Each structure stands twice: as C-alpha cells, then as structure tokens.
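**Q** Here it is, the structure in full.
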Amino acid sequence: MKTLSFPHPLIIMLCFVLIAAALTYLVPAGNFERVLDENTGREIVVPGSYTSKGSNPISIGKTFLSIPEGIIEGAEVVVLILIIGGAFYVVDQTGAFQSGLEVLVHRFKNAKASLLVIVGLLFATAGALNGLQEEIIAMVPVLMVLVSKIGYTRIAGVAISLGSALIGGSFGPTNPFSVIIAQKVADVAVFSDGIYRMIFFLAALSFWIFYIVKFGKDSESKPTETAPDTQGLSWNHTIILLLVALTFAVMIYGLTNWEWDYNEMSAIFFVTGMSAGIIGKLGVNGTAKAYAAGFSELVFAGIIVGLARSIYLVLQEGQIIDTLILALFNPLENLPIALSAFGMLVAQAILHIPVPSTSGQAVLTMPLLSPLADLIGMSRQVVVLAYQYGAGLMDLITPSNGGLMAILTAAGVSYKEWIKFAWKPFLIIFGIASISVVLAVFLL
C-alpha cells in the first residue's frame, strides 16, 4: 500500500490560509480602539474598548487574493532574503566559505562538538541582540556543509542556528523586537530584571545545545576529514570573511542604535556581496551571475515568508484577531495569581500561531494584560516575561512562522522531521519558561 507523503511546505501554508478564512465564518468579528503610543511610535489597543461587530466572513475570492497581497505586504523581508541569499552565494562561489570551514574543522578536529557549541552560542547571542531569524535563511547552505563535515544531521544544523537564535530572542534581556517593545508598552523600565532573565536564558540554552550535541549526530554518514596539511586562508578569502563578519557587526549596531529596518540591512548586504565577488576575483560579470543564481536559490523561501503574512491578513480582514485575544485573556482574571501567570504564557503561545509578528503581538497584548496584572496584584514584568517566552518559543514549532518554514525548505528538512526532533526539547524549554514565569510572581 502506498503511504501518503507529508505535505509540501507550500501546501501547509495554504492550508493555514484556508483555516484562517474558515475561522472568519465561526468567530464573531470585533475590535478594540487603538491609540498611538509615544514610547514606541506604534498603535496600541485601549483596554475595555472592545466592540463586537457580528460575523464578517471572508469570501473564497478574497482569501486567494490575500496570497499575493501577503507576499507584497512582506516585500521588505522577501527582498532581504533574496539579497542576503545572493550575497552569501557570491561569497560561497569565491571559495571563502569552503576554505574557512576547512580551517575551522581542521582546528577543531579533536573537539567537533565544541565547534557546534560555539556556533550555538554565536547564534543565541545574535538572537538576543537583534532577534535574528529570517537572516539565517541565506546561511543555511554553509551551515549544512559545516554540520556534514563534523558528523551531524541537517536537522542539527537548523536546531543549532535557528533554534539557538530563537532561544536567545525568547529568553534574552535585549531583543529590541520583543522584550524592549513589550517593556516600553507595559511601562516597565527597559532592560530591567536582566539578571533574572539571563539565569533562565543560560539554563534553556545550555539544555538546548546539550540536546543537539547528544542527539543530533548523523548515524548514517561519517564526518568528512580535512586534509592534514591545511595551511590556512589566502589573503582574499581572509578579507572576504572579515568583510562578512564586519557586515553582521554593523547590522547589529544599526538595528540597536540607528533604528535600521529591513531595507538598510538589504543595502549593506548588497554592497558586501558585490565587494566579495570583486575581491574574490569573480569579475564584474561573474559576480553578477553568481548574485542572480543566489536569488533563484531562495525565491521559494521568500514566497513562504510572504504566505505567513497572508494568514494574518485574512484574520485581520475578518476582524477576528481582537476577538481571539479577548477569548484567550479574559478568563485569566479570576484564576489564582500563579496560575494566571502560567495561563498568560500559554495564551501568548497560542496567540502567536495567528499573529506571527512578535513586535505586533507585544503592542496587541501588553496594553490589555498590564492593567489586568495591576488588578490582581501581579508585577507587570511577569506579563512581559509571559509574552516574551510564549511568543518567542512558538516560533520553534508553528508552521505559521514563515522564517521557520523557509529555513527548513532551504535545508531540505521536512516539517515532519523537524517536529519529530524538536518536540521533546521544546517541551523542556517551555517547562523552564513556565518555572521562570511562576517564580517571577513571587520574586519580581
């Protein structure tokens, strides 16, 4: 008997779009009033202003129209993916990545697990500093080569990069797109209780990396050995790799200090890619051809990210997002305070399925939950923690996260394979987050 194959990522995303459309027939429409928040420059909801509007179903025609509209809505992210993909492809064509990996693996030939730990720490740091996620898509080919050379699976490559970055963004005290926005909206001092966050950040990340090192090995293939006479990098490969490192440093600084967005990141990576091609002796035409080839490699990944926006557009058009928020958070008011805190964590995790934007979720929920926390005698910092953990960690497993689906696609890993590997450590990490939230009720 022929077994059914697991759905292609495109089918999974389209199913979510259709589910979102179906919900508009089942869930009543309604809206909160919104006002401009001076601290963040974003619109936030007004507590107690919800108004029911009855049913507002989305037609089949409008549902399918949301697909191109979602891709257009996410154009800045799609362009970033294509440009970074082109830049990394150019660097790869110069041979700089291959040479760098050979040297790296050779130097860690007797401690290859340590190399994986270092990679995890780097991605976790980047996640904590600037919420690294979509940018990883372009790095996937290099990561796949690296894990193959040290005897680990493609799934381990996704886990050590994306997984570590998401844990950094979820637990760290400095992510400008989640915790900082949430603290500003909740009127909590920015960077406050950073030490408390760091304790649980280190606990969660240590377990995550340990799990990957122990269970991410490829039992079917042997690690590729590097030549024993590896001499190091040529001068042009060294300059190219330093240029890439400098680009990431400038990007992180720009995001945290210059209010950079996707377009600024696209611009700097475009310059990096073109410069790398010239330095790597590809020539002007050779660099252009390599860039074009890099675009083609990541077109589908960009489309997947755009489709994630389509899901949100359908829910927004049906005006049911605020209704879902009300249904998730209203029952928490009458629970014991510790159970209410845990309920906030779970509700934030569930809400992140239809609301894939972490910053968008912050401005949706913090104005509603902050007064609730005051009412039941809970610190507003607990509310921020519940949001930070719930929204951030769900990006590890929800198919509505376009970044996750695009990275899995680029890595050649099915969603089924990813969930099979990730569900156990995810539950442990979620348990660590739950402990943090409940303890915070009594300590913060």
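The values are calculated or read from the model by the stated rules, or taken from the named source; none is laboratory data. What you see is a predicted model, and the numbers here were worked out from it, not measured in a lab. FYI the Cβ positions are ideal-geometry reconstructions off the backbone, even for glycines, and counts take in every protein chain you see.
**Q** If I ask for residues that are assigned to a strand (DSSP E or B), of a type outside the set (Val, Ile, Thr) and free of Cβ contacts under 8 Å to residues at least 12 places away in the same chain, which ones from region 22-56 would you list?
**A** Filtering region 22-56 for residues assigned to a strand (DSSP E or B) gives 29-31, 34-37, 42-45, 51-54.
Next, only the ones that are of a type outside the set (Val, Ile, Thr) stay: 29-31, 34, 36-37, 42-43, 52-54.
Within region 22-56, LEU36 is the sole residue that qualifies.
For every residue, the table says whether it meets (1) polar (S, T, N, Q); (2) assigned to a helix (DSSP H, G or I); (3) at pLDDT 90 or above.
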site	(1), (2), (3)
TYR89	no, yes, yes
GLN93	yes, yes, yes
ILE118	no, yes, yes
GLU135	no, yes, no
MET139	no, yes, no
VAL147	no, yes, yes
VAL158	no, yes, yes
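**Q** Evaluate region 368-387: report whether one residue or more is more than 14 Å from ALA186 (Cβ to Cβ) and aromatic (Phe, Trp, Tyr).
**A** Checked against the condition, which is being more than 14 Å from ALA186 (Cβ to Cβ) and aromatic (Phe, Trp, Tyr), region 368-387 yields no hits at all.
**Q** What's the number of the condition ASN330 fails, among (1) more than 19 Å from the chain's Cα centre (by Cα); (2) within 18 Å of VAL441 (Cβ to Cβ)?
**A** (2)
**Q** Taking the conditions exactly as written (surrounded by 12 or more Cβ atoms within 10 Å (Cβ to Cβ), out of contact with any Gly (no Cβ under 9 Å at 6 or more places or on another chain), at pLDDT below 90 and within 30 Å of LYS416 (Cα to Cα)), does PRO9 satisfy them or not?
**A** Details: surrounded by 12 or more Cβ atoms within 10 Å (Cβ to Cβ): yes; out of contact with any Gly (no Cβ under 9 Å at 6 or more places or on another chain): yes; at pLDDT below 90: yes; within 30 Å of LYS416 (Cα to Cα): yes.
So PRO9 passes the test.
**Q** All but one of (1) under 30 Å from GLY41 (Cβ atoms); (2) part of a helix (DSSP H, G or I) hold for GLN319; state the number of the condition that does not hold.
**A** So the condition that GLN319 fails would be (2).
**Q** Looking at region 107-134 only, could you name the residues that are in contact with an Asp or Glu (Cβ under 9 Å, 6 or more places away or on another chain) and more than 23 Å from ALA249 (Cβ to Cβ)?
**A** LYS109
**Q** Additional query: Please state which one of VAL355, VAL314, VAL299 is of a type in the set (A, V, I, L, M, F, W, C), farther than 30 Å from VAL91 by Cβ and at pLDDT below 90.
**A** Numbers: VAL314 fails: at pLDDT below 90; VAL299 fails: farther than 30 Å from VAL91 by Cβ.
Going through VAL355, VAL314, VAL299 in turn, just one is of a type in the set (A, V, I, L, M, F, W, C), farther than 30 Å from VAL91 by Cβ and at pLDDT below 90: VAL355.
**Q** Can you give me the ranges of the helices (runs of 4 or more DSSP H) entirely in region 375-444 with at least 1 residues that are out of contact with any strand residue (DSSP E or B) (no Cβ under 9 Å at 6 or more places or on another chain), charged (D, E, K, R) and farther than 30 Å from GLY302 by Cβ?
**A** Working: elements: 380-394, 402-411, 415-443.
Those helices (runs of 4 or more DSSP H) span 380-394, 415-443.
**Q** Would you point out which residue out of ILE81, ILE19, ILE67, ILE12 is in contact with a Leu (Cβ under 6 Å, 6 or more places away or on another chain), in a helix (DSSP H, G or I) and of a type outside the set (Phe, Trp, Tyr)?
**A** On the way: ILE19 fails: in contact with a Leu (Cβ under 6 Å, 6 or more places away or on another chain); ILE67 fails: in contact with a Leu (Cβ under 6 Å, 6 or more places away or on another chain); ILE12 fails: in contact with a Leu (Cβ under 6 Å, 6 or more places away or on another chain).
Only one candidate passes the filter, namely ILE81.
**Q** Hey, could you check region 343-364 for residues that are in contact with a helix residue (DSSP H, G or I) (Cβ under 6 Å, 6 or more places away or on another chain) and either of a type in the set (S, T, N, Q) or surrounded by fewer than 20 Cβ atoms within 10 Å (Cβ to Cβ) (or both) and say which is farthest from GLY74 (Cα to Cα)?
**A** Of everything passing the filter in region 343-364, GLY343 is farthest from GLY74 (Cα to Cα).
**Q** Given (1) out of contact with any Ser or Thr (no Cβ under 6 Å at 6 or more places or on another chain); (2) under 26 Å from GLY402 (Cα atoms), where does GLY54 come up short, assuming only one miss?
**A** Looking at each condition in turn, GLY54 falls short on (2).
**Q** State whether one or more residues within region 86-99 are within 20 Å of the chain's Cα centre (by Cα) and of a type outside the set (D, E, K, R).
**A** Of the residues in region 86-99, the ones within 20 Å of the chain's Cα centre (by Cα) are 88.
Adding the requirement that they be of a type outside the set (D, E, K, R) leaves 88.
Yes, some residue in region 86-99 is within 20 Å of the chain's Cα centre (by Cα) and of a type outside the set (D, E, K, R).
**Q** Scan region 320-342 for residues that are in contact with a strand residue (DSSP E or B) (Cβ under 9 Å, 6 or more places away or on another chain) and among the aromatic types (Phe, Trp, Tyr) and report the count.
**A** 0
**Q** Additional query: Could you please let me know if ILE376 is closer than 30 Å to SER310 by Cβ and either in contact (Cβ under 8 Å) with a residue 12 or more places away in the chain or of a type in the set (S, T, N, Q) (or both)? Give the steps one after another, and end with the answer.
**A** Values: closer than 30 Å to SER310 by Cβ: no; either in contact (Cβ under 8 Å) with a residue 12 or more places away in the chain or of a type in the set (S, T, N, Q) (or both): yes.
Answer is no for this residue.
**Q** Check whether at least one residue in region 134-153 is polar (S, T, N, Q) and within 19 Å of LEU205 (Cβ to Cβ), and report yes or no.
**A** no
**Q** Next up: Can you name the residue in region 25-45 that is hydrophobic (A, V, I, L, M, F, W, C) and under 27 Å from the mean Cα position of the chain (by Cα) and, of all such residues, is nearest to ILE325 (Cα to Cα)?
**A** Ranking the candidates gives VAL45 first.
**Q** Restricting to region 406-437, give me the number of residues that are of a type in the set (A, V, I, L, M) and surrounded by fewer than 18 Cβ atoms within 10 Å (Cβ to Cβ). Step through it out loud before you land on a result.
**A** Restricting attention to region 406-437, the residues satisfying the condition of being of a type in the set (A, V, I, L, M) are 406-408, 410-411, 413, 419, 422, 427-429, 432-433, 435, 437.
Subset that is surrounded by fewer than 18 Cβ atoms within 10 Å (Cβ to Cβ): 419, 427-428, 435.
So the count comes out to 4.
**Q** Report yes if MET394 is modelled with pLDDT of 95 or more and either farther than 21 Å from ILE44 by Cα or surrounded by 18 or more Cβ atoms within 10 Å (Cβ to Cβ) (or both), otherwise no. Before the answer, list the steps.
**A** Working: modelled with pLDDT of 95 or more: yes; either farther than 21 Å from ILE44 by Cα or surrounded by 18 or more Cβ atoms within 10 Å (Cβ to Cβ) (or both): yes.
Yes: the conditions hold for MET394.
**Q** Consider VAL91 carefully, then state whether it is among the hydrophobic types (A, V, I, L, M, F, W, C) and surrounded by fewer than 22 Cβ atoms within 10 Å (Cβ to Cβ).
**A** Working: among the hydrophobic types (A, V, I, L, M, F, W, C): yes; surrounded by fewer than 22 Cβ atoms within 10 Å (Cβ to Cβ): no.
When the stated conditions are applied, VAL91 does not pass them.
**Q** Can I ask one more? In region 36-67, what residues are basic (Lys, Arg) and modelled with pLDDT of 85 or more?
**A** If we filter region 36-67 for residues that are basic (Lys, Arg), which is where we start, we get 42, 53, 62.
Selection gives LYS53, LYS62.
**Q** To continue, here is another question. Can we say MET344 is of a type outside the set (D, E, K, R), modelled with pLDDT of 90 or more, assigned to a helix (DSSP H, G or I) and within 21 Å of GLY48 (Cβ to Cβ)? Walk me through how you get there before you give the answer.
**A** Details: of a type outside the set (D, E, K, R): yes; modelled with pLDDT of 90 or more: yes; assigned to a helix (DSSP H, G or I): yes; within 21 Å of GLY48 (Cβ to Cβ): yes.
Yes; evaluated as a whole, the condition is true for this residue.
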